[in-house]
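Asker: Before anything else, here's the structure in question.
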Amino acid sequence: MTKGTGSRSRLLLIVLVVTALFFITLDLRGVSLTSGSRSITQTLLAPVQKSVSAVFAPVGRFFSDVANFGSITSQLNQLKSENSSLKSQLIVNSDIKAESRQLRSVLDLAGRGSYRVVPARVIGRGTSSSFSQTITLDVGSSSGIKRNMSVISDHGLVGLVKNVTRSSSIVLLMSDPTFKVGVKIARSQSVGVLSGQGDDTYSLVLLDPAGIIHVGDYLVTNGSEMNRPFVPGVPTGLVTSVVNSAVSLTQTATVKSFSNLNALGVVGVVVAAPMMAPSVPILPTPIPTVTVLVTPSPDPSMTGIQFPAPNPSTFPSPSPSHSPSTSPSFKK
Amino acid sequence: MSPTRIFSTVLFLFLVFAVQESAISIIHFPITGFSLYVAVAISLIASEDHNGSLVMGFLSGIVLDLSPTSNSAFGQWALVFTVIGYIFAVNKESIADLTSSPITFVILVAIGTSAAFLLDLGIGALLGEENGSMNHNLVVSFGNGFWSIIFAPFFLPGLRFARRFSLTSKER
């Protein structure tokens, strides 16, 4: 670099760096100019994303399938063995099949359908140019979408709406490192905070010092005040390992999400939650424990068989007000 | 750089940005994602002269800062690319030319891409951003560099043609 060119370059560098720092300061001080410019870009980009995603979606799915080929093969083998085991169970359970279906319908009615959901297609992903984990949906404020609404897939929680324009919205995925959601363990109702870590694993920190996490525990959202940003009862994940630290007051655990965030095609934005928190998770479908009770004969001493008293706790209660007297029972 | 060239470059960067956000980001690449935009921006920065590298860096950073999916502060990418532009500018004599040694140029683009992500990570950390586990971020940074090596030979000839087309007779 010659002397003249060098001093000009340095001056230019100082001007550009100061301008960049000026923008950063404006943004960090919350000046609406910067967020407004991003909204304009999103508004301009959404129609392009919508049309291009229709063409590019098969390509994206192809790469996703190739990337997950190993796990799909093992999953297929696992499903095959599960299928054969279920087939044999099906023969054994044929007697109680009708009763089971009936009970399931009752529980589904109580647990499902309480949320009003707007279905949406995923038209973009924003992971490759930044460390944030987001998706773009093809629905916006014209469909009733607002900021801080929960987004769910067919398996559970996906994230929450971060930005909304008229025809599109950006969802912060639960895998994002800044994402935090209050959850409770379905088994013990212990409350904790689930955080994204930027990859496929999640970190659970229990808030209850006396609470105990077990591997295999199901987690559901705890819900927020006025159901924003999180509605209660949505499944979030499964505990895969528990970390016991001597220096920590509460337990922590590693969690695997129910939703595969890399293969999202259609999701639902929860626009209205039920008045009361559901007592059972809406997803995945709860499988009730069916207890078959035999009607005692008029005089048990004649046969020498002792019949147990009906135990209502063996049935998952669809609502807190569900009294034991109304618990379903089966007679054979 | 002439104002006409700055305008045409910004338009071109917007086009690449739209392709990145609407098409490339949908594809779920193995290892990590690929940022076509960052790779193209680094290639443009590396192709410019001293002041051109700085200006190109700043402009490409500003366009990336407009990304609605970005969590970082507005201006952060501008700062990152300006610094990258400065690094390229002061080492202009030792940086290979695309035509004379294309393989070295492609490797430089890949290194620049990874460096841009790492620099963004560092500046983000200074600004108090939460970016998750270091391992994952390193995979994202170096994964982008890896994909840049793979894909750069495909887009660099087109980029060279577009750049030559936008040059004024004086700049040629």
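The values are calculated or read from the model by the stated rules, or taken from the named source; none is laboratory data. The structure presented is a predicted model; accordingly, all values stated were derived computationally and were not measured. All Cβ positions, glycine included, derive from the backbone under ideal geometry; neighbour counts span all protein chains shown.
Asker: Checking the condition more than 24 Å from B:Phe7 (Cβ to Cβ) and not small (Gly, Ala, Ser), which residue from B:Ile107, B:Ile45 passes?
Answerer: Values: B:Ile45 fails: more than 24 Å from B:Phe7 (Cβ to Cβ).
Sole residue among the options that is more than 24 Å from B:Phe7 (Cβ to Cβ) and not small (Gly, Ala, Ser): B:Ile107.
Asker: Follow-up question, since we're still on this one. May I ask you to verify whether A:Ser150 is within 14 Å of chain B (Cβ to nearest Cβ) and either at pLDDT 90 or above or buried (at least 24 other Cβ atoms within 10 Å of the Cβ) (or both)? Walk me through how you get there before you give the answer.
Answerer: Details: within 14 Å of chain B (Cβ to nearest Cβ): no; either at pLDDT 90 or above or buried (at least 24 other Cβ atoms within 10 Å of the Cβ) (or both): yes.
No.
Asker: Here is a follow-up. Can you find, within the stretch A:170-199, the residue that is nearest to the chain's Cα centre (by Cα) among those that are at the interface with another protein chain (Cβ under 8 Å from one of its Cβ atoms) and touching a residue at least 60 places away in the same chain (Cβ under 8 Å)?
Answerer: If we take residues in the stretch A:170-199 being at the interface with another protein chain (Cβ under 8 Å from one of its Cβ atoms) and touching a residue at least 60 places away in the same chain (Cβ under 8 Å), then A:Gly196 is nearest to the chain's Cα centre (by Cα).
Asker: Just a yes or no: is a residue in the stretch A:216-225 hydrophobic (A, V, I, L, M, F, W, C) and either under 25 Å from A:Gly126 (Cβ atoms) or part of a strand (DSSP E or B) (or both)?
Answerer: The initial filter retains those residues of the stretch A:216-225 that are hydrophobic (A, V, I, L, M, F, W, C), namely A:219-220.
Add one more test, that the residue is either under 25 Å from A:Gly126 (Cβ atoms) or part of a strand (DSSP E or B) (or both), and what stays is A:219-220.
Within the stretch A:216-225, one or more residues are hydrophobic (A, V, I, L, M, F, W, C) and either under 25 Å from A:Gly126 (Cβ atoms) or part of a strand (DSSP E or B) (or both).
Asker: Hey, among A:Ile282, A:Ile212, A:Ile287, which residue is at pLDDT 75 or above and in a loop (DSSP other than H, G, I, E, B)? Break it down stepwise before answering.
Answerer: Values: A:Ile282 fails: at pLDDT 75 or above; A:Ile287 fails: at pLDDT 75 or above.
The match here is A:Ile212.
Residue-by-condition table, conditions (1) surrounded by fewer than 24 Cβ atoms within 10 Å (Cβ to Cβ); (2) free of Cβ contacts under 8 Å to residues at least 12 places away in the same chain:
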{"residue": "B:Arg5", "(1), (2)": "yes, no"}
{"residue": "B:Phe14", "(1), (2)": "yes, no"}
{"residue": "B:Asn51", "(1), (2)": "yes, no"}
{"residue": "B:Trp77", "(1), (2)": "no, no"}
{"residue": "B:Ala89", "(1), (2)": "no, no"}
{"residue": "B:Glu93", "(1), (2)": "yes, yes"}
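Asker: Still on this model: Checking the condition more than 24 Å from A:Arg10 (Cα to Cα) and surrounded by fewer than 23 Cβ atoms within 10 Å (Cβ to Cβ), which residue from B:Ile31, B:Ile62 passes?
Answerer: On the way: B:Ile62 fails: more than 24 Å from A:Arg10 (Cα to Cα).
Among B:Ile31, B:Ile62, only B:Ile31 is more than 24 Å from A:Arg10 (Cα to Cα) and surrounded by fewer than 23 Cβ atoms within 10 Å (Cβ to Cβ).
Asker: Of the residues A:Val247, A:Val255, A:Val181, which is over 30 Å from A:Gly140 (Cβ atoms) and modelled with pLDDT of 90 or more? Reasoning before the result, please.
Answerer: Numbers: A:Val247 fails: modelled with pLDDT of 90 or more; A:Val181 fails: over 30 Å from A:Gly140 (Cβ atoms).
None of the other options fit; the residue is A:Val255.
Asker: Across the stretch A:27-54, which residue is surrounded by the most Cβ atoms within 10 Å (Cβ to Cβ) among those that are within 7 Å of another protein chain (Cβ to nearest Cβ) and farther than 19 Å from B:Phe14 by Cα?
Answerer: Filtering first and then ranking leaves A:Asp27.
Asker: Let me ask something else about it. When B:Ile84 is evaluated against the numbered criteria (1) closer than 21 Å to B:Thr32 by Cα; (2) more than 8 Å from chain A (Cβ to nearest Cβ), which criterion, by number, is the only one it fails?
Answerer: (1)
Conditions tested, residue by residue: (1) more than 11 Å from the chain's Cα centre (by Cα); (2) modelled with pLDDT of 90 or more.
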{"residue": "B:Asp49", "(1), (2)": "yes, no"}
{"residue": "B:Leu59", "(1), (2)": "no, yes"}
{"residue": "B:Ile62", "(1), (2)": "yes, yes"}
{"residue": "B:Ser70", "(1), (2)": "yes, no"}
{"residue": "B:Phe74", "(1), (2)": "yes, no"}
{"residue": "B:Phe81", "(1), (2)": "no, yes"}
{"residue": "B:Ala96", "(1), (2)": "yes, no"}
{"residue": "B:Thr104", "(1), (2)": "yes, no"}
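Asker: Tell me whether the stretch B:88-96 contains one or more residues that are more than 8 Å from chain A (Cβ to nearest Cβ), among the hydroxyl-bearing types (Ser, Thr, Tyr) and in contact with a Gly (Cβ under 7 Å, 6 or more places away or on another chain). Quick ask: steps written out before the conclusion?
Answerer: To start, the set of residues in the stretch B:88-96 that are more than 8 Å from chain A (Cβ to nearest Cβ) comprises B:88, B:91, B:93-96.
If we keep only those that are among the hydroxyl-bearing types (Ser, Thr, Tyr) too, we end up with B:94.
Filter once more, keeping what is in contact with a Gly (Cβ under 7 Å, 6 or more places away or on another chain): none.
No, because not a single residue in the stretch B:88-96 is more than 8 Å from chain A (Cβ to nearest Cβ), among the hydroxyl-bearing types (Ser, Thr, Tyr) and in contact with a Gly (Cβ under 7 Å, 6 or more places away or on another chain).
Asker: With the condition kept exactly as written, say whether any residue in the stretch B:46-56 is within 16 Å of B:Phe117 (Cα to Cα) and among the polar types (S, T, N, Q).
Answerer: Initial filter on the stretch B:46-56 (within 16 Å of B:Phe117 (Cα to Cα)): none.
The answer is no; no qualifying residue exists.
Asker: If I go through the stretch A:223-250 residue by residue, how many of them are among the hydrophobic types (A, V, I, L, M, F, W, C) and closer than 23 Å to A:Ala210 by Cα? Lay out the reasoning, then the answer.
Answerer: So in the stretch A:223-250, the residues among the hydrophobic types (A, V, I, L, M, F, W, C) come out as A:226, A:230-231, A:234, A:238-239, A:242-243, A:246-247, A:249.
Then keep just the ones that are closer than 23 Å to A:Ala210 by Cα; that gives A:238-239, A:242-243, A:246-247, A:249.
Selection size over the stretch A:223-250: 7.
Asker: Additional query: Name the single residue that is farthest from the other protein chains (Cβ to nearest Cβ) among those in the stretch B:97-137 being without any contact (Cβ under 8 Å) to a residue 12 or more places away in the chain and part of a helix (DSSP H, G or I).
Answerer: The selected residue is B:Ile103.
Asker: Counting only residues that are crowded, with 17+ Cβ neighbours inside 10 Å and of a type outside the set (A, V, I, L, M), which one in the stretch A:183-198 is farthest from A:Val267 (Cα to Cα)?
Answerer: A:Ser190
Asker: Now for a different question. Which condition number in (1) of a type outside the set (Asp, Glu); (2) in contact with a Leu (Cβ under 6 Å, 6 or more places away or on another chain); (3) assigned to a helix (DSSP H, G or I) is the one that B:Phe88 fails?
Answerer: So the condition that B:Phe88 fails would be (2).
Asker: Also, I was wondering about something else. Select from the stretch A:7-20 the residues that are of a type in the set (A, V, I, L, M) and within 7 Å of chain B (Cβ to nearest Cβ) and write down the one among them that is surrounded by the fewest Cβ atoms within 10 Å (Cβ to Cβ).
Answerer: Kept after step one, since they are of a type in the set (A, V, I, L, M), are these residues of the stretch A:7-20: A:11-18, A:20.
Checking which are within 7 Å of chain B (Cβ to nearest Cβ) leaves us with A:12-13, A:16-17, A:20.
Numbers: A:Leu12: 20, A:Leu13: 22, A:Leu16: 24, A:Val17: 17, A:Ala20: 27.
Only one residue tops the list, namely A:Val17.
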